[in-house]
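Everything below concerns the one structure shown next.
Every number here is computed from the coordinates shown, using simple stated rules; none is lab data. Only a predicted model underlies this, so the values are computations on that prediction, with no experimental measurement involved. So basically every Cβ, Gly included, is an ideal-geometry build from the backbone, and we count neighbours across all protein chains shown.
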Amino acid sequence: MGAVNLHHHDSKANNAVLSVLDDTRLFRQLAYINGKWVAGNKDTAVVNPADDKVLGYVTDLKKSQIDNAVNAANRAFPAWRALSAEQRAERLMAWNDLILENKEDLSKLMVLEQGKTLNEARGEIDYGASFIRWFAEEARRAYGETMPSHIPNAQLATLREPIGVAALITPWNFPNAMITRKAAAALAIGCTVIVKPANETPFSALALAELAERAGIPAGVFNMVTGDPEMISAVLCNADAVKALSFTGSTRVGKILLEQCASTVKKCSMELGGNAPFIVLPDMDIKEAAKAAVDAKFQTSGQDCLAANRIFVPRDKYAEFTDAFANEMQSLRVGNGMNATTDIGPLINRKAVEKAQMLVDDALEKGATMIAGNQKKASGKNFFHPVMLTNVTPDMAVYREENFCPVAGVLPYDNLDDLLIAANDTEYGLAAYVYGHDIRDIWKLMRGLEFGMVSVNSVKMTGHPIPFGGMKQSGLGREGSRHGFDEYSEIKYYCLGGLDTASGC
Ligand code: NAD
């Protein structure tokens, strides 16, 4: 335990949080604007989903304070942009190092407010930091291009310029990495940012702001605002000075923000919901497939945009698969994410549990059969034990909607043509899984699936080098990889005319 060093506003800090942190200064309850920690009108309680106990309070900013954040980010932009990519990378790498040095504290803070297991949280901190390092390095290679001229006596070329102030709005299911995946790209290329984290998980976000300050990221370059989501989003989306919006969250809210951004024709990138098919090919070992499907379904308690939503199995292997899946599911232990033995933590809140129950009730009413997993009681009303629904049909909500809970729907299929039609029968298009060996079958699916990311024989697919993003109503744009800068930069073309190219110059 480190020394307790509280800010004036942190008098409401809860011992349940402070007692698990080595560095209690990571527990921040104020917003961060222009290098200062600021309080708003009132405070809102943040609870631990495992027991619904209050962890602390986050400040609700006033509209004028969101305007201040926009102005501060706008004022800080010219100087930040003027630094060399190396100079910006130095600050970003200092941030990266601090995050990794404080990995245990950040992980515990995340478990307390988000509910996921400590191992999942540790994985997220590594994953989140990996984007900072990636973009710090990649910014030095943000090349333009030259092109042979079609205009006499001219040279033609492009360069990449940071777009300006970027607003970043993020969800609660990955409270660290969804911020770093955006902020690292934006900051590295020379933008300044205003982050609005989810109200359910502000402390993981504010700890990142605390570490950004310690890393020497200048005042106004990295700002974090908390409070009423609708008011804050409206200010950010309508502000002229904000040039880009990057949102990760539900398709429903994404559409609202896209409409709001039309007023200023902002560059928008959207990482929205998913409805991933998990496809077992006829030549796949069924036990292996069932194990992978359980991993792909129940990671982050099913509250994952990449979670397998609809599991398709050849009809003649269907019974064998559902037996194997049920068997795997039995070993999952539901409990508090802080316990080392827990596989599935609580859902984020009571509403999420009600949604899970609705999916089950709706499917049972329409003819599905339920097979329950390990029912050993976990205490607390936000826990939901994993279940599998068999004989799922396309009219069921579990098939149509993003599940976002530990409910698995399994369906039989007869041939690959029908399967492709069924797998694509969704407005979403984020990720798809294919398990099998026949290269012709795999290739047919890979080309036919209308999903931005197709993972063959691997549950793990995401990471800093890959372009993460969806087709259809799963989003716009890509995050990570060398394409991650596109959302925060403009390509400027220039034509240098009137040159004496005849002499070779
Ligand atoms: P959400 O859309 O409810 O909230 C996301 C953010 O928007 C939060 O910061 C929230 O405070 C804010 N918000 C909520 N309502 C708003 C409104 N009316 N106006 C303006 N802002 C509002 O999503 P969530 O429940 O936090 O997260 C779960 C969703 O995120 C799922 O659909 C999941 O698939 C998606 N997600 C997508 C990815 C991806 O990379 N594609 C990654 C993680 C999560």
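The relative contact order of the chain, computed from alpha carbon pairs under 8 Å that lie at least 6 residues apart in sequence, is 17 percent.
For the stretch 65-92 versus the stretch 326-354, the spacing of their alpha-carbon centroids is 41 Å. Taking only the alpha carbons of the stretch 212-283, we obtain Rg and Dmax values of 17.1, 58 Å in that order. Report the far tail of the P(r) of the stretch 53-132, meaning the percent of Cα-Cα pairs longer than 21 Å. Of all Cα-Cα pairs in the stretch 53-132, 55 percent lie more than 21 Å apart.
Other residues within the sphere of radius under 12 Å centred on the Cβ of F298, judged by their own Cβ, net out at -1 (K and R +1, D and E -1).
Seen from K472, the other residues with C-beta closer than 12 Å to its C-beta sum to a net charge of -3, counting Lys and Arg as +1 and Asp and Glu as -1.
Normalised by 2.2 N^0.38 Å, where N is the number of residues, the C-alpha radius of gyration of the stretch 357-481 stands at 1.20.
For the chain, adding -39500 (n - 2.57) for each run of n ≥ 4 DSSP H residues and dividing by the number of residues yields -11500 deg cm²/dmol at 222 nm. Relative contact order of the stretch 232-330, taken over Cα pairs closer than 8 Å and 6 or more residues apart, is 26 percent.
When the alpha carbon gyration tensor of the stretch 221-352 is reduced to an equivalent ellipsoid, the three semi-axes, largest first, read 40, 20, 11 Å. Using the Cβ-Cβ distance between A502 and V265 with R0 set to 51 Å, the FRET efficiency works out to roughly 0.75.
Judged by the ratio a/c of the largest to the smallest principal axis of the C-alpha gyration tensor, the stretch 322-395 counts as oblate, that ratio being 1.5 or greater while a/b is no larger than b/c.
In this simple spin-label model, placing a label point 7 Å from the Cα along the Cα-to-Cβ direction at both A154 and M471 gives a separation of 3.7 nm. Between K42 and M370, the simple label model (points 7 Å from Cα in the Cβ direction) yields a spacing of 3.8 nm. Taking every DSSP beta bridge that has both residues in the chain, what percent is antiparallel when rounded to the nearest 5? In the chain, approximately 40 percent of DSSP beta bridges are antiparallel ones.
Modelled spin labels at D52 and R315, positioned 7 Å past Cα toward Cβ, are 4.7 nm from each other.
For the stretch 165-250, the Stokes-Einstein estimate of translational diffusion at 20 °C and a viscosity of 1.002 mPa s comes to 168 µm²/s, using the Kirkwood hydrodynamic radius over alpha-carbon pairs. Using +1 at the Cβ of each Lys and Arg and -1 at the Cβ of each Asp and Glu in the chain, identify which of V111, N41, Y494 lies farthest towards the dipole's positive end. After comparing all options, I get N41.
Local charge for E104 was computed over the other residues whose Cβ lies under 9 Å away, with Lys and Arg +1 and Asp and Glu -1, and equals +1. Here the chain yields Rg over Rh of 1.00, to two decimals, using C-alpha coordinates and the Kirkwood radius. Of all stretches in the chain that contain no GluC sites (Glu not before Pro) in a DSSP loop with at most 14 other Cβ atoms within 10 Å, the longest one is 146-426. What are the chymotrypsin sites (Phe, Trp or Tyr not before Pro) within the stretch 85-193 that DSSP puts in a loop, where the Cβ has at most 10 other Cβ atoms within 10 Å? Sparse-neighbourhood loop chymotrypsin sites (Phe, Trp or Tyr not before Pro): Y143.
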